[in-house]
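Engineer: For reference, the structure I am asking about is given below.
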Amino acid sequence: MRLKSMKIKLFTSKHSNSLHTHHIFPIQQQNNNNHYLKLINSCKYINPLLQIHTHFLQIKNPSLILYNSFIKAYSKFHHFHKAINLYHTILKIGLKPDKFTFNFVLKACTSALDFHEGVNIYKDIVFNGLECDVYIGTSLIDMFCKMGCLDNARNVFDKMPVKDGVCWNAMISGLSQSLNPCEALEMFWRMQMEGFEVDKVSILNLAPAVSRLGDVGCCKSIHGYVVRRSICGVVSNSLIDMYCKCGDVHSAQRVFDRMGVRDDVSWATMMAGYVKNGCYFEGLQLLHKMRRGNVKMNKVAVVNALLVVAEMRDLEKGKEIYNYALQMGLMSDIVVATPIVCMYAKCGELKKARELFLSLEGRDLVAWSAFLSALVETGYPREVLSIFQVMQYEGLKPDKAILSILVSGCTEISNIGLGKIMHCYAIKADMESDISMVTTLVSMYIRFELFTYAMTLFNRMQIKDIVVWNTLINGFTKYGDPHLALEMFNRLQLSGILPDSGTMVGLFSACAIMDDLDLGTCLHGGIEKSGFESDIHVKVALMDMYAKCGSLCSVERLFLLTKHVKDEVSWNVMIAGYLHNGYSNEAISTFRRMKLENVRPNLVTFVTILPAVSYLSILREAMAFHTCIIRMGFLSCTLIGNSLIDMYAKCGQLRYSEKCFHEMENKDTISWNAMLSAYAMHGQGELAVALFSVMQESNVRVDSVSYISVLSACRHSGLIQEGWDIFASMCEKHHVEPSMEHYACMVDLLGCAGLFDEVLSLLNKMTTEPDARVWGALLAACKIHSNVTLGEVAVHHLLKLEPRNPVHHVVLSDIYAQCGRWNDARRTRSHINNHGLKKIPGYSWVGAHKNEMEKKPTRITMSCNHESASELTKSASKTAFDNSTADNNFGNELVNEVFAELKDFHEKNASTGLESPTLLIIRKVVELSSYHHFGQFLQNKNHL
């Protein structure tokens, strides 16, 4: 017996490929079925099983049990077709399969996804009358569900007279993957109603259905059931996954935190949940906990951790994960290696990313596609085309997905020539007949505003789906004429293809651009009849249309009706609607409500809300939003960086704008324009001209906005020669046609310097008639230099363009007064009353509470006495103190500056009887509106 067991042990060795037959199979035991059963069951590798099978074929009249054991063993080692062939051998030699045979071979068919064999075996089962057997029925249900034949699975399930929990669980698992996951919930409910106990397998099988439905309420109900029945262990991981896929990350985190024992799946599931919901900062914190606790990361955790550090642009953490993957030997897995390459690309390490990618073995089209997508996403479209050349050199043919990425890269770098080359490649690769490929090309041509090309491709299509119609409708709306979008919609209706939610989104955008509230309201009535109003994307587009058409009451009504399904997109539209209509405070309040309701702001939220802060110029709010942006990992986004530059400039903090600009890794033309505008806003003409020079040297594309910003800066700083040189370079160097704004800047620049001959020469060279902006700039210059003649000419043209604007009469009256022509001044002023015109009184905002100032503008005059000035100063100081923030060094400097200016004014004018310098105080108080220094300020003021 000892020798026998030793021989069996020898036989199970991984390398025992050539053992002598007579040592293993004694002649007297060759027909011993029990001996073969022991050998089969002891096999740990496939090679010994194959040897046993070879000798098994020599046995006369082997038993059915041996065949069943071989079928089961082959399935265990994933040789499913060998198992199925053995089943056919059983039929050929005349053995009658039993329920174990059918059970084992059905599992082999299921794993092999061999539907044809499965159906044939099902017929044999029916023929043998075993269809109602609970074990065979369960295997049939499992097979039909995994092959997508749910009707067959239901038929088998309904015919079974006796069902057990395993059978119910198999049916729930299949329905969870169906097109209607609600059926899985119904089956789960039926299972309980018929008295079957729900176990952890039932919960695990139901989880995919709940996740696909995204129903947080259902998820909480299941969570409560799990707690009441004390079903723990692996179910906790499933709960985390369900909550994350339903968008409730906070609940998932609570389940994770309360777990007594966490395995590697728990950590990986939580990390994947953070990634899915865009919680990259929280994902980074979880990664830190894992590293600190020496938690072993599995493949899923590594991949998702890489996605987190890539989005956060945390290169150091990325390198740590890369080294960990090397230590664990995961770099040979393309699933792990691909996100590592993408991480380096997103963190700006293009050289390293390229080296790693080209060193990967077994690169498939998925890896190429992921790397190319990362390059497009991070703003390296030229590198995309370079990698494509490498791909061609290696003899790989791009598929539709990769070609679509390449077309997007051509669009991003505004290179229509390369786009046409990609189009030619699609024709040669016989992809032009593919609907999705043609749709991508149509989209590209529309982006380049080559509508003729787009329509030619569209008209050649033999089969058109709703996606390509929507591409044209949305394309005409964004880049062309919205009226053409409506014309395409009429053609769509005549074609017989039914519009979908994407169609309605494009139409509402067209109505918003045309400011056609009546048409938008009519379309709203149409979607109520067709049932599209319940679609969240349509509702969001509808809200956006009403907001841009000025009907805020309609927006608020729709927003309240989406109470139970509001996501971050709905909140973003509501915030944008308030901002578009001038309600900046309401926009910020809506943002706060959004956070109170645990809706996570996304990138678009911050891009939308930062202009509201810029408009109100509240430094405290600006710094709070900046902090939130850093915390949520959006700081590396170019759109956010551009908005921060503009925001800090409008809050009076030019040095913060400069810091944001210089720290940006991926600057675009808008980034440079924002910084130029900031310098212009603060009168820093020399810095603006220097930056403009650097911009050109860096080969950044200069557009018309760039010239407006730098010319405006020259205008504010009186840089005449620099302004002339820059204006001249527009057409000569960058081929930018000057617009009315450019001419207005130049007229203002030259006019303020008194160079009226140059102004007239410039006006005579204009190819089109000057508009009100140009003549208004000339009139303002005439007021500065008391030039009555040119002032009258400017007013003459302005009254033709803007006859109801009283400001032109007022300015001309002031020019007459400066020249001592009082009768003309009175006559000009009388025109205002005679024509029923009324000048809007000026007012000033005091403090940071601009919501109050918007409703009650306060006029500041110099006619107030010292007492009223003192009260006004105290009021303004208190308002600013209530909205202050800490920046001690800068605040102390301003306090000392205010005190020095007031003291100097008091000493110089004490004997002149001048009024108290209220305006000076107010101006400095506004500058101090975000700092904790007003106690000192008031104390110093009382000493005056």
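Engineer: Show the residue pairs meeting these rules: Cβ distance below 7 Å; 6+ apart or different chains; first residue within region 166-193 and of a type in the set (D, E); second residue part of a helix (DSSP H, G or I) and buried (at least 24 other Cβ atoms within 10 Å of the Cβ).
Structural biologist: Partner pairs satisfying both residue conditions: E183/L175.
Engineer: Given the condition buried (at least 19 other Cβ atoms within 10 Å of the Cβ) and under 25 Å from Q653 (Cα atoms), answer yes or no: does some residue in region 596-604 qualify?
Structural biologist: No, region 596-604 contains no residue that is buried (at least 19 other Cβ atoms within 10 Å of the Cβ) and under 25 Å from Q653 (Cα atoms).
Engineer: Given the conditions (1) open to solvent by 30 Å² or more (accessible area, probe 1.4 Å); (2) in a helix (DSSP H, G or I); (3) closer than 24 Å to G409 by Cβ, and given that L326 satisfies all but one, which numbered condition is not satisfied?
Structural biologist: Failed condition: (3).
Engineer: Can I ask one more? Checking W168 against (1) open to solvent by less than 50 Å² (accessible area, probe 1.4 Å); (2) over 27 Å from A112 (Cβ atoms); (3) modelled with pLDDT of 85 or more, only one condition comes out false. Which one?
Structural biologist: Condition (2) is where W168 drops out.
Engineer: Among the candidates F25, F56, single out the residue that is within 17 Å of K92 (Cβ to Cβ) and modelled with pLDDT under 80.
Structural biologist: Criteria check complete, one pass: F56.
Engineer: Among the residues of region 403-414, write down those that are crowded, with 17+ Cβ neighbours inside 10 Å and more than 12 Å from L375 (Cβ to Cβ).
Structural biologist: L403, S404, V407, C410, T411
Engineer: Can you find a residue that is without any contact (Cβ under 8 Å) to a residue 24 or more places away in the chain, open to solvent by less than 50 Å² (accessible area, probe 1.4 Å) and of a type in the set (A, V, I, L, M, F, W, C) anywhere in region 419-427?
Structural biologist: For region 419-427, residues without any contact (Cβ under 8 Å) to a residue 24 or more places away in the chain, open to solvent by less than 50 Å² (accessible area, probe 1.4 Å) and of a type in the set (A, V, I, L, M, F, W, C): present.
Engineer: Quick check, is G475 under 21 Å from I416 (Cβ atoms) and among the small types (G, A, S)? Steps first, please.
Structural biologist: On the way: under 21 Å from I416 (Cβ atoms): yes; among the small types (G, A, S): yes.
Against the criterion (under 21 Å from I416 (Cβ atoms) and among the small types (G, A, S)), G475 qualifies.
Engineer: Output yes when any residue across region 180-199 is modelled with pLDDT under 85, of a type outside the set (G, A, S) and under 30 Å from P601 (Cβ atoms), and no when none is.
Structural biologist: yes
Engineer: Scan region 813-832 and report the pairs whose first residue is part of a loop (DSSP other than H, G, I, E, B) and whose second residue is open to solvent by 30 Å² or more (accessible area, probe 1.4 Å), with Cβ atoms within less than 9 Å and a gap of 6+ or a chain change.
Structural biologist: Filtered contacts from region 813-832: C819/S786.
Engineer: Among what's in region 339-364 and is part of a loop (DSSP other than H, G, I, E, B) and closer than 13 Å to Y380 by Cβ, pick the residue that is most open to solvent (accessible area, probe 1.4 Å). Can you show your working first?
Structural biologist: Let us first name the residues in region 339-364 that are part of a loop (DSSP other than H, G, I, E, B), namely 347-349, 360-364.
From the residues that got through so far, the ones that are closer than 13 Å to Y380 by Cβ too are 347-349.
Numbers: C347: 16, G348: 37, E349: 73 Å².
Checked region 339-364; the qualifying residue most open to solvent (accessible area, probe 1.4 Å) is E349.
Engineer: Which ones in region 298-312 are under 17 Å from D263 (Cβ atoms), open to solvent by 10 Å² or more (accessible area, probe 1.4 Å) and out of contact with any Pro (no Cβ under 9 Å at 6 or more places or on another chain)?
Structural biologist: N298, K299, V300 - these are the residues of region 298-312 that are under 17 Å from D263 (Cβ atoms), open to solvent by 10 Å² or more (accessible area, probe 1.4 Å) and out of contact with any Pro (no Cβ under 9 Å at 6 or more places or on another chain).
Engineer: The conditions are (1) part of a helix (DSSP H, G or I); (2) open to solvent by 10 Å² or more (accessible area, probe 1.4 Å); (3) hydroxyl-bearing (S, T, Y), and S266 fails exactly one of them. Which is it?
Structural biologist: Exception for S266: condition (2).
Engineer: State the number of residues belonging to region 508-566 that are surrounded by fewer than 17 Cβ atoms within 10 Å (Cβ to Cβ), among the basic types (K, R) and not in a helix (DSSP H, G or I).
Structural biologist: Matching residues across region 508-566 total 1.
Results for (1) over 28 Å from F127 (Cβ atoms); (2) surrounded by fewer than 21 Cβ atoms within 10 Å (Cβ to Cβ), shown as yes or no for each residue.
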{"site": "S42", "(1), (2)": "yes, yes"}
{"site": "T54", "(1), (2)": "yes, yes"}
{"site": "N68", "(1), (2)": "no, no"}
{"site": "F77", "(1), (2)": "yes, yes"}
{"site": "A83", "(1), (2)": "no, no"}
{"site": "T89", "(1), (2)": "no, yes"}
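Engineer: Quick one: is S178 under 35 Å from the mean Cα position of the chain (by Cα) and part of a helix (DSSP H, G or I)?
Structural biologist: No: the conditions fail for S178.
The values are calculated or read from the model by the stated rules, or taken from the named source; none is laboratory data. As the structure is a prediction and not an experimental result, all values here were calculated from the model. Backbone-built Cβ (ideal geometry, glycine too); neighbour counts: all protein chains shown. With ligands, DNA and RNA removed, areas are computed over all heavy atoms of the protein, side chains included. Shrake-Rupley method; radii C 1.70, N 1.55, O 1.52, S 1.80 Å.
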